[in-house]
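The values are calculated or read from the model by the stated rules, or taken from the named source; none is laboratory data. All values reported here derive from a predicted model rather than from experimental measurement. Positions of Cβ are backbone-derived with ideal geometry, glycine not excepted, and every protein chain shown enters the neighbour counts.
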């Protein structure tokens, strides 16, 4: 499932194509994704001007000129494609299509239909069921060691599980938690409540750094992720631990292989030698 860097990459692709543009046509090819679309979804978008293309955690938040917020989640296989000029023929899983007055075509394609779209009023969007319990944005100015330490205080769960909890920090997923813990030198099995002080400082910095580098690389393309221009992301070539079980640790070298374990039903990759 796309994590924060993949969704931010999509947001950066959509913003110049949609912001300050009027949606001239909205075509709904299928009314049910993970859940049914609102009955008036197409009508409420048609004719509206996009004021902002934003992101909250793993969700896109597209604000319109009437105060409506179009909330979208990519699910497992969803992707937005942007076409300038003559667009190619539609593909079988192009479920939602919008055209701007300038002739730009944006298509949402989702073969598995685990994606999600809804509409909310801007003043109530933060209270939407999918957004209201999210933790702080890790790339926001307010996220630092102190904030992270407070979110982890008193928690007996392993730090890996705590970071995957979207109420702790918004937008983190399995790949980037593994990478951030490695960069910070923290074992994924360490109790979350013990990540305080210097450890919290290292981890907060590592989270910001790993996410930032992943965004600049266009995200990670392991299965379905594509940028809005159709290109792959490239951060998978920079993985330090994720997917590297049995290979030498890039910090410790030969004799210290990356280990794979299962936590909360998810694969965890780490180096037992340098992550404590």
For residues in segment 206-219 being in a helix (DSSP H, G or I) and in contact (Cβ under 8 Å) with a residue 40 or more places away in the chain, which is nearest to residue 239 (Cα to Cα)?
214
In segment 245-276, which residues are surrounded by fewer than 19 Cβ atoms within 10 Å (Cβ to Cβ), in contact with a strand residue (DSSP E or B) (Cβ under 7 Å, 6 or more places away or on another chain) and assigned to a loop (DSSP other than H, G, I, E, B)?
245, 246, 247, 272, 273, 274
Check 39, 52, 65 and return the single one that is at negative phi, modelled with pLDDT under 95 and in the same structural domain as residue 113 (by TED's automatic domain parsing).
39
If you scan segment 103-129, which residues turn out to be on the phi > 0 side of the Ramachandran plot and surrounded by 13 or more Cβ atoms within 10 Å (Cβ to Cβ)?
113
Among (1) under 24 Å from the mean Cα position of the chain (by Cα); (2) assigned to a strand (DSSP E or B); (3) in contact (Cβ under 8 Å) with a residue 40 or more places away in the chain, the one test that residue 52 misses:
(3)
Taking the stated definitions as given, is residue 172 under 18 Å from residue 239 (Cβ atoms), surrounded by 16 or more Cβ atoms within 10 Å (Cβ to Cβ) and in contact (Cβ under 8 Å) with a residue 40 or more places away in the chain?
yes
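Limited to segment 80-117, what total is found for residues that are within 19 Å of residue 23 (Cα to Cα) and out of contact with any helix residue (DSSP H, G or I) (no Cβ under 6 Å at 6 or more places or on another chain)?
23
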